[in-house]
Structure formats: structure tokens, C-alpha cells
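Notes follow the structure.
FYI, it's all coordinate maths here, none of it is from the lab. Here the structure is a predicted model, which means the values were calculated and not measured. Ideal geometry is used to build each Cβ from the backbone, glycine not excepted, and the neighbour counts take in all protein chains shown.
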Protein chains: 4
Amino acid sequence: MSEKTSSVHYINYLALDKVLDAQHPISDKGKGAAHEEMLFIIIHQTYELWFKQILHEIQSAMDLFKADKIDESNIGIIVRRMDRVNKIMTTLVGQLDILETMTSLDFLDFRHHLSPASGFQSHQFRKLEVMLGLKIKKRHQFGGCPYHAQFEGKKKEEILELEENNSLFSLIEKWLERIPFLKMEGFDFISKYEGAVNEMLEKEIAGIKAANLTDEDRALRIRMIEENKKYFERVLSEDEHNKAMEDGETTLSYKATMSALLINLYRDQPILHLPYQFLRSLVELDHKIATWRFRHVQMVEKMLGQKIGTGGSSGQGYLKQTVDKHKLFTDLANISTLMISRSYLPELPKNIKDTLGFNYTK
Amino acid sequence: MSEKTSSVHYINYLALDKVLDAQHPISDKGKGAAHEEMLFIIIHQTYELWFKQILHEIQSAMDLFKADKIDESNIGIIVRRMDRVNKIMTTLVGQLDILETMTSLDFLDFRHHLSPASGFQSHQFRKLEVMLGLKIKKRHQFGGCPYHAQFEGKKKEEILELEENNSLFSLIEKWLERIPFLKMEGFDFISKYEGAVNEMLEKEIAGIKAANLTDEDRALRIRMIEENKKYFERVLSEDEHNKAMEDGETTLSYKATMSALLINLYRDQPILHLPYQFLRSLVELDHKIATWRFRHVQMVEKMLGQKIGTGGSSGQGYLKQTVDKHKLFTDLANISTLMISRSYLPELPKNIKDTLGFNYTK
Amino acid sequence: MSEKTSSVHYINYLALDKVLDAQHPISDKGKGAAHEEMLFIIIHQTYELWFKQILHEIQSAMDLFKADKIDESNIGIIVRRMDRVNKIMTTLVGQLDILETMTSLDFLDFRHHLSPASGFQSHQFRKLEVMLGLKIKKRHQFGGCPYHAQFEGKKKEEILELEENNSLFSLIEKWLERIPFLKMEGFDFISKYEGAVNEMLEKEIAGIKAANLTDEDRALRIRMIEENKKYFERVLSEDEHNKAMEDGETTLSYKATMSALLINLYRDQPILHLPYQFLRSLVELDHKIATWRFRHVQMVEKMLGQKIGTGGSSGQGYLKQTVDKHKLFTDLANISTLMISRSYLPELPKNIKDTLGFNYTK
Amino acid sequence: MSEKTSSVHYINYLALDKVLDAQHPISDKGKGAAHEEMLFIIIHQTYELWFKQILHEIQSAMDLFKADKIDESNIGIIVRRMDRVNKIMTTLVGQLDILETMTSLDFLDFRHHLSPASGFQSHQFRKLEVMLGLKIKKRHQFGGCPYHAQFEGKKKEEILELEENNSLFSLIEKWLERIPFLKMEGFDFISKYEGAVNEMLEKEIAGIKAANLTDEDRALRIRMIEENKKYFERVLSEDEHNKAMEDGETTLSYKATMSALLINLYRDQPILHLPYQFLRSLVELDHKIATWRFRHVQMVEKMLGQKIGTGGSSGQGYLKQTVDKHKLFTDLANISTLMISRSYLPELPKNIKDTLGFNYTK
């Protein structure tokens, strides 16, 4: 197999002459080359390559959601792509172990050359945050400037434009709102669910009253259940929900939240299984990004202690703040708070069950 | 190979009849057995088995440190055991993925049976925290009671006694204080180091002044270096250090801190290499325990949302607090803040270098 | 929360007094306790606990498949449980890293006590192999005795009985045979597929003829495609398939194989998505068990070199043979050989597509 | 921080405009872009970036070994770099999980464009094999041509030249031969060791004779020990060793093998600890590369079944052969066969112990 033939050669196909010629350690130019600078460059390049792949997947999911009517078979495709994104995130977290073989002393051999280049300047990672749905007002401010101030020209415009457009979050919200199962022929999900919750809580209170407990213990537990009750009431009230949205305590609309709850509760119904997997993959992604930030903080701590990061930033402080603050799908994770045991779950009427099943097995 | 012979059979050696007969799901007794309760029991049992192994390793490291004179070859043994503990922690973090295959709905099938059993009642994990050096005053308070209130009789006594004894932290502190390299024949480490730091900072300031920067940028960077300077001065002053200890800002003694710094800076000297690996393994352990807590919080969030944990605890809230607060070796991690580039590192005199080398190669 | 109350305490619920009192290193009895024996015992116990959990999941999947008519919603449940089994396998492979911190020298400190206990005596792992479908005639013989000779009494009977019963493999085969999509109202899958394959191969040959290749290259590639053609013909012929089964080259029946092919090709149809995930999870399990065996061989090599294993076995040799030989779902993996590009895939008629879709979206 | 300043910006420093502009899916040019081709390109690019990093580390280790007299402190540096290489290998194995999210059907969407590009054409991976020490005569032949036939011009010359030069294997062999501990003032390692082995084997035989065993069992075990004895004799004889080298059964010279044995047995002596870590890291690397090949075979099996790989190769078959055959440090792994329990280990005389210790603690 000759390179001369017109057919594709591995090296050309992968543009390796370009990719493998893109490592230019600055320390090489001075007297003593710093052995570890190569690692610093290469690991950042692999991060950026993977970010490109993640953007490719998220963009494709968004495109599929933008369709007026979502083909059910697309949910399967989206689930598989989200699974891929999560597996990439697992690698991104895991490969921090490689970077951590570079110690503080190794880093100091070339760190002064870098100033002020900084990992916070990753344009792709900012894009990812915006595409997922992070709004500028929700961002942790860093050094008194809006985060896009570090970009210029086309790169800045791109970010600003993305801010205006649909995000994955907003597309999912609309999709959840459109799902038509909240009210079906003679089945009003919310009122059925509310009834089940009340039955459950009353039974729990009766159980506690009958149990062999100290007075103190009994009072404590009944108080806990009453707090639970209030929580359920607040969540199920559309007015309260809208108020919470105005106060910035919650982001997902009432209707979308109820649909997400229904999907979680009735996930064993064939038509809801893939939507359930999808919602779960979003919470997973949120957690994996948070874990990546968290481990990143640890890595910086090992490398720099409390020193100020390259780019003049107290990297650690900033990163630490974003671990929780930049999470996007907390409202979906919180659906778990509303779950009730299968034994209380309102049985679906036969006609509804059929509607949620396959034609074939009808 | 017959079970009847006197020789050892795998099943007996591992006491498997005992270990594999220790799973008694409560939900099995009622009408509907909850399929996932088995997983809940088994994963907790594997956690406890691994905790036992970790305690075995930490105890052995403590025993070796308790010796009046530490045999240098023991440091190699301790390094290998710490490496093992860290590999166990990697497994403990990783296997949370298994538990997360149990969803909220699955958990609710048997959760009501458990109350008030709670993961916070792991006696071995409390022991581990205390043995590593976590002091009761540093602990995040949970529900208004001291943490040992949940234990009784012998188990409580054991914890209280451990609180009084040497911890791994205190043993390491003493070992670091005993290391005799801070002042050696004509080499005063601290003053040499101080000189090197000042030289470095002055050169940095000169560099900034010469650079093509905006006035604002230049002022910002010089201010940063001046803050660095103050930081170094504060850390190197024994008085300031003692004050910081009184204020609870730092825990490790001045002398131990200086020894740890020396080990980190001159880790390439043969005699210091294993001590360096050891100090690093402690920071690693701290980070791995923190990561385990962090991922634990995420797992509880997926399972329960904002619901209150078994045992009446807001598990998530408690766990979240301990992620940072229960870290023990932050002072060792912060040594990184004091590192200076090899190009500024004071050259060791020949006689000192020999002292830190091997006999053979002298 | 007192241990005295009637409520459940963590320690009791998990039977920890039993589980944590089941480690009895033999070397402790003699003069020098071998520090690493504890690790050896504990890691084997965690393996056995996880084997119990895997058996629990596989048994539950088999029970669901035994039902005369499989409820479609059960496939979703089975997929989740297989996913759990695979995550457990990931942990079992990963935690070999812990055992590998024990070196040859450490192991020799207590190895002589163990003889002839051997990891090959894991009754649960043998059960797992049999339940998945490993037949005694397919097993790699070890030391001239049937593998169950090492068990006695009830344990031996249990294994022999399992050999007679349905395995997961045989249940899946029946389920695949029952799936009713091979011939549907005017759609004969096999003949449609055969047509598509031929179209594809002809196009490939035309492409090669038109390409700018050396004569040698062209001849080589055409030969490759002709071999492919023969392969497809052989596989699609029921007679040839049955002959291959008799010769032991393939295990899965013709009808089941065709159903598996259909599921793989049309996996994007809603009704086939979960069956597809399920089939894939079986190949995954096969691969993970093989990886575990493979890494096990490496671990033994590190620990013992070419020494003979405990239990008088040349462990390495035996294990090495089983890596490939004990795989069970190779026929499912080989479905990939039969895949054709989506562009050649016969379009499903509208009525069939509806049949494979959801009621709701009809 | 403006891109206009002379200072370094993250994007420029990492040459991201080059790296992120090097993905050109061929399927994009035709009618239907294949979504998964991007993943295929990007993951291969990350593999190549990591190969470059591994080559950087191996080259640096070789350079340090080439020095006439190896500075002891360099072994510590080499150990850290080998540890890094092994962590990279862990990532390379782990990220196969990402590629496996691409299914057979996805791959077929663009596979025909690639022909005959093939992963076997990775120039860097071939270089790595040669630099580690893989000789062309030991290679598994593929398709009847020498492996370097697929390269041309400068790339081919580079490989051929590397074949002629020192490999890591040959450098390590020389280093082991130079280590001066086999004969030290009144301590002849080999004869001491031989005596210890004989004592051990005699004691084992006596133990078996005294044990309560069936005649058959006893005979079996005594036979095993006699085989062990022969094995030891063969290994310790320099003549037999040289014969085994001629027959291609072993590669490492007699003297180097004896030094490696000494290091493994007396690894707790301070001066031998890092050499021991180093030898172990080589076995680790061998195993990790083998695991990567093994998992690679599985991945290809999932993707293509028994289909022929891109590049006209039966990839699976070739890869399968290399898993074991391309291992390089088997002789080091086999040292484990020669280990004897610490209780039989000849005590080092005081003067030797001092020689292997630190000056300071003398």
C-alpha cells in the first residue's frame, strides 16, 4: 500500500502532519528545555479535541430537537449520543491522573513562560456551557469582567450569538411541554399523583404513631413528614412554581416539570423508557462536568497550592465556585424528591396503558 | 481435592458460608420483595470490608512510625501501603457507578424499612477519620449531637480512646520534626531558601517592568508579586506560624512544615525520594476521600433529590459540608505554594549532597 | 438513635458483626503474621459478594424470560439489570489493581499456608458460567477431572442440576425465535436482506473496477469481496447453518440468528430499541468476563511468574485457555459481520413501520 | 487580557487553530455526512497525540540511560516518567469505551471511504515498539511484507535506523549488567541464593511427607517440587541460560537476569528501592500495552465481527497474535518464578547492608 496511490492513507486522513506538528514548547527556545511542557501542551490539546467532539454531539442533539415534530426514533439516537458524551467526560476526568504526574516543581520550570495564558480561555468550553444553557446572569463572575471579554472578533461574536439562541435546556423544556400525556382520555396525571402523595403521607404518619418510639423521636419524625407535605404542595402548585421561577430558585417551567415527573414515575411504559434514559443522561452530564471541575480544583491545589493561576486568576477559587453554580439540570435531578414508591403509584387505566405501548402488542 | 482432607479449602479459608449468608433483605419478609435491596446490602458490605482493609494498612503505618528510630527501609514499605490504600479509594469511588444503577424508584421500594439505619453509622469510617487525625472540634456537627453519640458500649469507648491517642497526622508531624536536615554542617536551609525566594521575586518584578504591558496590567502584576512576597514572609516566620496555628488556620507545626518543604524541594536527592512519595500519597489520600464524599453527594442527589436521608439526616447537606471541612493534610498540599523553580533552588554543598546520597556511590 | 430501639441499625442490618469477623489469616497463628494475607482474604470476599449480586441479577433476568409471554416492559428492566452486571464487572476488573499492590515477595510470606485452596474453587463463579450457558463439553479441561469434581454434596448437586436446566443462553435463543417480525404482512426479511447484500457487493465490485489501482491491488480486493459473498451465502442458508451447529462452529439456532440480525439492522424502530440494547449488553458481558480473565492471567504472571498456582494448578495456563474458549455470546458478536450500510438497508413498508411503532404516534 | 498584547494567549500557545482545523470527514463531501466519522477522526488524533507524549518520555529515559555513569537520582526521575507513561496507557485503554459507542451500523456509514487507510499504519506506534526493543524477527508477520513496507521515504528510514540503535531493552540490560552488587566484599549472591533455594525445597518436601495426605496427592506434590528444583537449576546455570537465549526462549542476558533477581529480592534496601520500582514499571507497561491490544481486538470484534479490517487486513487476527507475541519484558516478569519467601532469604552481612544504605544513617 503506497502513499503514492490516490487512496486514503492513515497519516493524511488524520492530518497527522498538522496535528503532530502543533507542539511548540516555549521553554525549548531558551537555555533549558522543560521536559514537562510537552505534557502540558499535549493534554490541553486532547482536551480541546474532545471538547470539539462534545460540541458535535450536543449540536446534533439540538438539531434533532429543533424539528417541529420529533420522530420518536430520534430519542434513541439522542440517548446514544448523550451516552457517548458522558463516556467522553469519564475520560476527561480520568486523564487528570496523567496531568497530576507533573509536580509543582516540574510546572515551575516553564510556568513563567505561559503568563497570562490560562485554561479559562478555552473558547470551546465556554461555547459548551452556553449551548447547554448557562446564562450569563447565572455565571460566577470572574475578575469583574463578563466572561466573553477575553475573546475578540469572530470568537466573541460567536459566543454572544449563542447566548441569544436556543440552548439544549430551552429545547428540552419545550419538548417536555409538548409531551401530551399529562391529560389523557379520562386521566388527569397531576390530580391522581396528588392523591397518591397524600395517601402515602397519611400512612407514614399512622405508621409512626403506632411505632414503639420515644416521644421525642416520634415528634421529630412527624415534623419531618409535615415538612415533606409542604414541599409537595408547594411544588404541585403552579402559582408557587412560577414564583420560585421569578425568584431564581427554579428554572424549568411548571408544565415541563410535571412531564418530567410523569416520565420518571412511569418509565417502565415502553413509550417512556427512552425519554427516561434521556433525562437521566442529562443529570449524569451535569454531575460529570461538576466532577471534572472538582477534580480540576484538586489538581490545581496539588500543583500550585494557594498560588494564583496562570492568567492572573485565582483559578482554584473561581473553579470551586463553578462546581455547583454552573450546574444546569438540577431541576431534573430534583425530580427524585417527588418520587413515590411503586406501591402508591396510581395504576394507569387500560386504555392509557395501551396508548403508551407498542402497536404490535396491543 | 476433597473438602474432607485436613488441607485448606477456598470456601472455608474465606469463611464464605458466613459472608455469603449475611444478606437478609427486610423487604423479603413482607409481600413484595424489593429486587434492589440485595444490591444495597451487598455494596455496603463491600464498603465495610474495604474499610477494614484500609484500617489494617493505616494501623500498620502508624505502628512503624511509632518506633523510636524509624528504619529508612520502612518508608518504602509505608509508601507501598499508602499506594494500596489509594488504589482501594479509587475502587470505592468507582463502584458508586454500580449503586447509581439503582434509581430513586427502586430505592423507594424498600427505603421505608431501613429507617433509621444510615450510612453515617459506619463505625469503621468514623474510626478511620479519627485515626487519620480528624479532631472532634474540626468536625462538621450533625444534628446537634457529637458524632459518637450514635454508638454505644464498646464501640463508643473505642472511638473515644482513639481520639486520645496518636493519630497518623501527629505521628507524621513528629517524624518530620525529627528529620535532621534543616541544619547540617554549614547549611542553614531556611535562610538559604529565604534568600532564593527574594532573588526570584526581584527578578520577576524586573521582568514585569521591562515587559511591553499596559500600565494597568503592569501595576496589577506587581501587586500580585508583592502579595506573594508577604505570603512567603508570613510563612517563614515562626511567630506568625504559631499565631496561625492558634487561630486554627494551620495545623502542622513550624518545624514539620519546614521539613516538608525541604523534602519537596530536594526530592531528587536519593534519601529524600521515598519521603517525598510518602508526603504526596497523603495529599492523594485526602483528595480521594474528598472525591468519594463529593461523588456520594451526587449519588444521594440522584436517588433522593432534596429528600431527607435515612436516619433522619439531610445526608446531602451533611456530606457536602464534610467534603472540604474534613480534609486533614491541606497543610501538606499547601507546600506547593512555597515551591520555587529549580533554577532558583540553592545548590547543595558537596558534603551535604554526599550525606543525602548512598554510601555505595560516595 | 439508640441501638436498643426496635428500629434498624446499620450494623445489624448489614450483619457487620458477621461480615467483619470472617477474616482469619492463617499466618497469624504462627510466628510471623504476614501483613498482606488480610488483603488476600478481603479482596476474595468482595469478589464473592459481587458474584452473589451478579447471580441475583442473572437469575432475575432468567425468571423474566421464563414467562410464557414476555411483557415488553420487562425488556427495559432486564436491560437495566444487565447494565448493572456490566458495571459490577468493570469494578471487578478495576480492583485487580489493588491486588497487584501485593508483590511476589509479599505473597510468598503466606502462600504455603493456603495450599491447596485455589481460586478455581469458587462455587459461585462456576454457577455463573453454567447459568449463562457454558456447557461442560465446551469447557477447557483442567487437570483431567470434570470441573465439578472439586465440589461435594449439596454444592455438587446444585451445579449438576443447573447444567440440566435452562441457561440464559437457551432462554434468549427461545425468545429470539419467538419474536414475530421475520415474516410480516408482505415483508419477508431474509429475502429482502439477501437482495440488499447482493446489490451492495455488486456495487463494491463495480467501484473497484473503476478505481485507479494496480492490477495486483484490484485482484486482491475483488477476491476479498468474493470471499465476503460466500460468507453471506453460507450464513443465510439454513442448511449450512445447521451443519455449522453440528460441527460446533456456531451455537445459536438459525431462526434466532436471523431475529438477532433483524434487531441489529432495524434497531432504530422504537419496538426494537430495547431488544437491541439487550443483545449488545450480552456481548459486553462476554467481553468483560474475558477481560477479567485476561487481567487475572497478568496478575498471576506478576505474582508467580511461571510458578504453579495454589491448588496445584498451573493457574496461568488454565486461565489463558478460558479467556477465549469460555465466551458464550460470540454468535451475537458475529452479527456485526452481517451488517450492511444504512444506504443499502431495505426500507420498511409503511404498515410494518407502524407495527413496530408506538400506538400513540400512529 | 487582550489577544493583541505580546503575551501568550491560550489559543496560540496550544496552536488550536491548527489542531481544531484538522478534522475533515470524507463523508461530508458526498450526499450524506456520516455523523460518527468525526468521532473516528478525533479519537485517532488523541491516540496519536498521546503516542507522541509516550515517545517523548521513553526517549528521555533512554537518554538518561545512555550516560556512561548513571546518576542515582536519575532513577527517581525515570520512575516518575514511566509512571506517567503507564497512566497514559490507562487512559488509552479506557477511552476505547468511547469508540465502542460507535456501532457497526454507524461505522458502515463511512467505512468504505477509508479504504485502505488502516490503524496499522500508525508510524508513531511502530516507532514505539522498536524503541522499546521489539525486533523485526520477533514480530508477527502481517500479509507477507515486512511491517515497514507501508512507510516510505523519511518515515521508512527513521524506522530502519531505530532498528539499528539501542533500544530501551538493550540499555536496561547493560545497566543491569553494570550494577555492581552481585559480588561484594565476601558476599557471592548467586551461591548464597542457590543455597537458600535448596534449603527451601528440602523443607517443603519434608513438610509434604509429614502431612496427612493420600498417597496420590503426596506423590503429585513431590513431583511438583522436583520440577521446581529442575527449573531453578536450569535458570541458575549460565550455560543453560545462554543456550535458552540461542533458542530464543529468553532474551535477557544471564548477568542482567541475576541483577534483576537481586533487586527483586532485596528491594527493601534503600539503594534498591527505586531500581525495583523501575523494573516493575516495565512489566506494568508490557501488560498495559497487551491489555490495549486485547481490548482493541474486542472493539474490532464488536464493530466488524469477522469482517476484514480497513486496509485489507484481518485486523482482528493480526492484533490477536501481537497481544502475547509483542511483549518485551517477559523475562523481567518471570523473575517472580525465582522469588523465595523472606524467611529463606539470605541475611545480608552488616557491611553489605551499610553499603546499600544511606550515608546519613550509617
>> Give me the inter-chain shielding for B:275-281: mean count of other chain Cβ atoms within 10 Å, whole number please.
In response: 2
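Would you tell me the mean number of C-beta atoms belonging to other protein chains that fall within 10 Å of each C-beta in D:332-344, as a whole number?
Values: counts 1, 8, 5, 2, 13, 7, 4, 10, 3, 10, 6, 5, 1.
That works out to 6 on average.
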>> What distance in nm separates the two pseudo spin-label positions at residue B:158 and residue C:226, each 7 Å out from Cα along the beta-carbon direction?
In response: 7.6 nm
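Of C:14, B:176, how do they rank once you tally other Cβ atoms within 10 Å and put the fewest first?
Numbers: C:14 25, B:176 22.
Exposure proxy ranking, most exposed first: B:176, C:14.
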> In terms of Cα to Cα distance under 23 Å, which lysines are near enough to residue D:29, apart from those fewer than 8 places away along the same chain?
Replying inline: A:4, A:18, A:52, C:203, C:209, D:18
>> Between the range A:60-85 and the range C:283-303, what is the separation of their alpha carbon centroids in Å?
In response: 36 Å
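Which net charge results when you count Lys and Arg as +1 and Asp and Glu as -1 among the other residues whose beta-carbon is under 12 Å from that of residue B:137? Working shown, then result.
Values: positive: B:135, B:138, B:139, B:325; negative: B:163.
Local charge sum for residue B:137: +3.
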> In whole Hz, what ³J(HN,Hα) sequence does the range A:152-166 give by Karplus (6.51, -1.76, 1.60; θ = phi - 60°), x for Gly and Pro?
Replying inline: 9, x, 4, 5, 5, 4, 4, 5, 4, 5, 4, 4, 6, 7, 4
>> Once R0 is set to 51 Å, what does the formula 1/(1 + (r/R0)^6) return for the Cβ-Cβ distance between residue D:215 and residue D:66, expressed as a FRET efficiency to the nearest 0.05?
In response: 0.30
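I want to verify the translational diffusion coefficient of chain B in µm²/s; compute it with Stokes-Einstein, Rh as the Kirkwood radius over Cα pairs, at 10 °C and 1.306 mPa s. Mind dumping the intermediate values first?
Details: Rh = 24.2 Å.
It diffuses with D of about 66 µm²/s by this estimate.
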> For label points placed 7 Å from Cα toward Cβ, what is the shortest-first list of nm distances from residue D:353 to its copies?
Replying inline: 3.0, 7.9, 8.3
>> Taking the Cα centre as origin and putting +1 on Lys and Arg beta-carbons and -1 on Asp and Glu beta-carbons, what dipole magnitude results for the range C:11-355, to the nearest 20 debye?
In response: 380 debye
>> With unit charges on the beta carbons (Lys and Arg positive, Asp and Glu negative) and the dipole taken about the Cα centre of chain A, which residue among A:189, A:274, A:231 sits farthest to the positive side?
In response: A:274
> Which angle from 0 to 90°, rounded to the nearest 10, does the C-alpha axis of helix D:72-94 make with the longest principal axis of chain D?
Replying inline: 50 degrees
>> List, shortest first and in nm to one decimal, how far the label point of residue D:137 (7 Å from Cα along Cα→Cβ) is from its counterparts in the other copies.
In response: 4.6, 7.3, 7.6
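Fewest first, what order do C:284, D:161 take by the number of other Cβ atoms within 10 Å? Display every interim value, and only then the final one.
Values: C:284 22, D:161 10.
Ordered by Cβ neighbours within 10 Å, fewest first: D:161, C:284.
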>> Between 0 and 90 degrees, rounded to the nearest ten: what's the tilt of helix B:168-178 against the longest Cα principal axis of chain B?
In response: 20 degrees
> Against the longest alpha carbon principal axis of chain B, how many degrees, from 0 to 90 and to the nearest 10, is the axis of helix B:123-132 turned?
Replying inline: 10 degrees
>> Which of the three applies to the range D:24-127, rounded, prolate or oblate, going by the alpha-carbon gyration tensor with a ≥ b ≥ c and a/c under 1.5 meaning rounded?
In response: prolate
> Under 18 Å from a point 7 Å along the Cα-to-Cβ line of residue D:353: which residues of the range D:269-286 have their amide N that close?
Replying inline: D:269-273
>> Inside 10 Å of the C-beta atoms of C:224-236, what's the mean count of C-beta atoms belonging to other chains?
In response: 1
>> Taking the alpha-carbon distance from residue D:229 and a cut-off under 14 Å, which aspartates and glutamates remain once sequence neighbours fewer than 8 residues away in the same chain are dropped?
In response: D:194, D:199, D:202, D:204
